[in-house]
Structure formats: C-alpha cells, structure tokens
Amino acid sequence: MSLNLQRVHPLLGARISDIDLADVSDATLAQIEAALVTHKVLFFEDQHWSAEQQKAFAERFGELHVHPVYEADPAVRELVVFAYDETKKGANDTWHADVTFADRPSKLGILYAQEIPELGGDTLWVDTEAAYGALSAPLKTLFDGLSAVHDIRHARSPNAQPYSEALRHLNRVLPPPILHPVIRTHPVSGNKSIYVNRAFTSQIADLSWVESEQLLTLLLQHLQIPEFQMRWAWKKNTVAIWDNRSTQHLAVADYFPARRQVRRAAVLEEGRPV
C-alpha cells in the first residue's frame with residue numbers, strides 16, 4: 001500500500017488521506033516515517049483518537065517525553081494538553097523546536113486537534129534545513145562547530161510569564177541548561193539545519209555577550225523569512241506529525257477569547273543532536 005499524499009507547500013508539508021492512524025501496519029508506519037523526513041510535516045484529517053490511542057501510536061516511534069511544566073492529560077501523563085479560552089490567552093506563539101532544553105530533545109511531535117476556534121489558531125512551521133541552505137558560505141563556515149545554550153528557564157512568550165518568574169518554585173526539578181550545536185545534522189537524511197530557537201536558546205557559547213546577541217539575532221531573524229514557512233489552518237480531529245529535527249513551529253494566538261485545545265506527544269531522539 002502506498003500513501004495517498006498531497007503536498008501543501010513548495011518546501012514542506014503534505015496531507016495524507018484515506019488512512020486511520022489508530023490501525024496502521026508496521027509497513028505503513030515505516031512509509032509515514034520516511035515521508036516525514038522528506039516533507040517534514042504531515043497532516044491526517046478525520047482521525048478519532050483517545051488519549052490512550054495517541055500514546056500507543058506515538059510510542060511506536062520511540063520513547064515519549066514527560067514535560068516538567070505543562071499540564072498533562074488526566075489519563076496519560078506523556079501527553080501535554082494545551083487548552084486556552086476566555087480565561088487564558090494562547091502562550092505557544094514563539095518560534096521553537098520542542099524540548100530542545102533536554103539532553104535528548106524531541107525528534108517528532110504528534111498533535112491531535114480536539115477543539116479548534118471558528119477563526120484563527122493556525123500553526124506555522126519553518127523549514128530549518130532550507131533556512132540553513134540559504135545562508136551564505138562564509139556564515140555557514142562561521143556557525144559550523146559552534147554550540148548554543150538551551151534552557152527551559154529562558155522560555156518566553158508574548159502572552160505568558162517566563163518560566164524563571166512564573167515557575168521559580170520548580171527550579172529544583174527543571175533540567176539544567178544544555179549545549180547543542182548551532183548547526184545540526186539530521187540523523188536520517190544527513191542534511192544540516194539551524195538549531196537555535198527563540199524560545200529556549202539563551203546564548204551562543206564561547207562568544208562574548210555582544211557577539212552572541214548579534215549572531216543569535218541574525219539567525220532568528222533569518223528563520224522568520226516567509227519563504228521558509230508554511231501555515232496550516234486546523235480542523236477538529238486532525239493529527240499533525242512534524243520532524244522536530246528539521247523544523248520549528250509556533251501557534252498563532254489570534255483567537256482569544258475563543259477556545260482552542262490540542263493534545264501533543266513528543267517522541268525523544270535516540271541520542272544528543274550532532
């Protein structure tokens with residue numbers, strides 16, 4: 001069986017139809033994983049998952065992350081629930097790759113749309129491989145070999161207090177800052193990509209503060225060039241799977257005070273990024 005796949009953007013993103021993710025064979029799962037490396041984000045509409053089904057599907061790709069801060073699903077602690085309404089504005093509207101503050105970050109994100117506002121609440125993804133490829137040769141030489149600090153305490157959003165202030169009492173259980181390469185290599189494709197993000201990357205190591213701020217700002221602004229990005233308008237009961245090793249994303253918080261609730265699993269990488 002071949003996947004019924006339709007591209008949704010020139011660089012990244014594809015819709016796969018005529019498939020029930022609650023009942024896929026190992027062979028089909030392997031095709032999905034291969035398509036993910038190529039297209040980076042896959043969308044599956046008209047899915048109907050319980051929390052347990054979502055966890056079971058995600059575990060077929062590897063070990064799941066348990067988030068130290070975000071609210072977990074009542075039934076499955078490995079699933080994070082992002083629920084926003086008239087009492088709480090969306091707070092995931094900063095470019096990020098998931099869990100880069102961990103020694104082993106997320107390799108895949110698997111999100112199920114439970115409730116979607118009538119208007120707004122889209123998600124944007126950026127192709128960090130394409131963004132790296134568009135850098136000039138001198139900049140590629142400069143950034144190759146550098147490392148950057150990733151820290152959950154650095155996390156920030158226009159609509160939320162940073163962890164360092166709002167959750168200071170959790171500092172004992174939060175992971176310490178970690179170094180990851182500024183430019184990483186995908187373990188399957190071998191492609192290089194930019195691996196710093198606005199939410200969790202605090203500085204480039206071994207540089208002065210001024211040097212780090214200027215170069216980090218350059219990379220973060222480069223990732224915001226529209227031609228590297230795609231935008232997805234959600235429907236209820238849609239599943240998105242993205243390759244966290246070659247993309248970043250943000251959820252647009254333009255739907256307040258409407259309600260938006262989604263549920264995410266994060267599959268951990270087998271080792272540290274290189």
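The sole residue among LEU146, LEU142 that is of a type outside the set (S, T, N, Q), within 24 Å of LEU216 (Cα to Cα), touching an Asp or Glu at 6+ places or on another chain (Cβ under 9 Å) and at pLDDT 95 or above is LEU146.
Of all the numbered requirements in (1) assigned to a loop (DSSP other than H, G, I, E, B); (2) modelled with pLDDT of 90 or more, LEU179 misses one, and that requirement is (1).
Being among the aromatic types (Phe, Trp, Tyr) and under 25 Å from ILE194 (Cβ atoms) is the filter here; which residues of segment 45-69 pass it? Selection gives PHE61 alone.
Of the residues HIS9, HIS39, which is buried (at least 20 other Cβ atoms within 10 Å of the Cβ) and over 28 Å from ARG77 (Cα atoms)? When all the criteria are applied, what remains is HIS39.
Quick one: in segment 52-96, which of the residues that are among the aromatic types (Phe, Trp, Tyr) and within 23 Å of ASP151 (Cα to Cα) is surrounded by the most Cβ atoms within 10 Å (Cβ to Cβ)? Among them, the one singled out is TRP95.
Residue by residue, here is whether (1) among the hydrophobic types (A, V, I, L, M, F, W, C); (2) in contact with a Gly (Cβ under 8 Å, 6 or more places away or on another chain); (3) touching a residue at least 24 places away in the same chain (Cβ under 8 Å); (4) part of a loop (DSSP other than H, G, I, E, B) holds:
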{"residue": "ALA56", "(1), (2), (3), (4)": "yes, no, no, no"}
{"residue": "GLY62", "(1), (2), (3), (4)": "no, no, yes, yes"}
{"residue": "VAL69", "(1), (2), (3), (4)": "yes, no, yes, yes"}
{"residue": "PRO74", "(1), (2), (3), (4)": "no, no, no, yes"}
{"residue": "ALA91", "(1), (2), (3), (4)": "yes, no, yes, yes"}
{"residue": "ALA113", "(1), (2), (3), (4)": "yes, no, yes, no"}
{"residue": "PRO117", "(1), (2), (3), (4)": "no, no, yes, yes"}
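Taking residues in segment 201-216 that are farther than 12 Å from PHE143 by Cβ, and partners anywhere that are part of a helix (DSSP H, G or I) and modelled with pLDDT of 95 or more, the pairs with Cβ atoms closer than 6 Å and at least 6 places apart or on different chains are GLN203/SER212. Among the residues of segment 116-126, are any crowded, with 19+ Cβ neighbours inside 10 Å, at positive phi and at pLDDT 95 or above? Checked against the condition, which is being crowded, with 19+ Cβ neighbours inside 10 Å, at positive phi and at pLDDT 95 or above, segment 116-126 yields at least one hit. In summary, strands (runs of 3 or more DSSP E) completely within segment 207-274 and bearing 3 or more residues that are within 17 Å of the chain's Cα centre (by Cα) and of a type outside the set (A, V, I, L, M) occur at 229-232, 247-251, 260-268. Only residues that are over 19 Å from GLN54 (Cβ atoms) and exposed (fewer than 11 other Cβ atoms within 10 Å of the Cβ) were counted in segment 12-29, giving 2.
The values are calculated or read from the model by the stated rules, or taken from the named source; none is laboratory data. Everything quoted here is computed from the prediction, not taken from an experiment. For neighbour counting, all protein chains shown are included, and Cβ atoms are generated from backbone atoms with ideal geometry for every residue, glycine included.
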